Amino acid sequence: MTIDRIDWHYEDAEQLYAQTHEVEGEYTEEQYREIELKASNHIGLFIRWIMDRRFEGEECAKEGCDKVRNGEISGAEYLLDYCDGKLWDVDVRSDIMPFVNAYYVESSDFFGDYCETCGFEGEEEAPAYGFISGDGDYSRLKERIDKAYEKFCEGNNG
């Protein structure tokens, strides 16, 4: 099952990039990469959380997971370089998938937390595909994901 894919977000990110950078014509390779990173930013932050918690699936590239955990690459870079831009259920441990389905797939809870905590620097209507996150965004979002995960676990154990 597909959890999320860059191609579901790329067109919106590309349109925003073209508008904000006043680009006409062909993009350079660097511009394509920047657009891909912006389109996959939210997915990458969730991947980073999965890897930080060691919730990745057995089929994940160990080398890439270690690079994300060590801060050598972002979760978005992992998605692009190791997963062909697609986050699948096999990329997550099967015992964590009920949480992923409830929080990320079936509701808008994750994306809402992402929009409320990342990259907006006080702007109320900043576009979701307009930035690439750093450690500060991840720290704020991680707190929200951790709380959602704890709440999910409590609700399913009691």
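Read-outs throughout are calculated quantities, based only on the coordinates presented, and are distinct from any laboratory measurement. Fair warning: this is a prediction, and the values are worked out from it, not measured in the lab. Note that we place each Cβ from the backbone using ideal geometry, even for glycine, and neighbour counts take in every protein chain shown.
Observations on the structure shown:
- Nitroxide proxy distance, nm - points 7 Å out along Cα→Cβ at residue 101 and residue 15: 3.2
- Seen against the Cα atoms of the chain and their longest principal axis, helix 41-52 is set at about 30 degrees.
- Ratio of Rg to Rh for the stretch 1-129: 0.98 [Cα atoms; Kirkwood radius as inverse mean 1/r over pairs].
- 5 angstrom amide H check on residue 92, placed H, neighbours 5+ away: 57
- Sorted by Cβ neighbour density within 10 Å, fewest at the top, the residues 94, 74: 94, 74
- For residue 62, a cut-off of 28 angstrom between C-alpha atoms picks up these lysines, skipping any fewer than 8 places away in its own chain: 38, 86, 142, 147.
- Approximate spin-label separation residue 34-residue 139, in nm, with each point projected 7 Å along Cα-to-Cβ: 2.6
- Compared with the dominant principal axis of the Cα atoms in the chain, helix 10-21 is inclined by about 40°.
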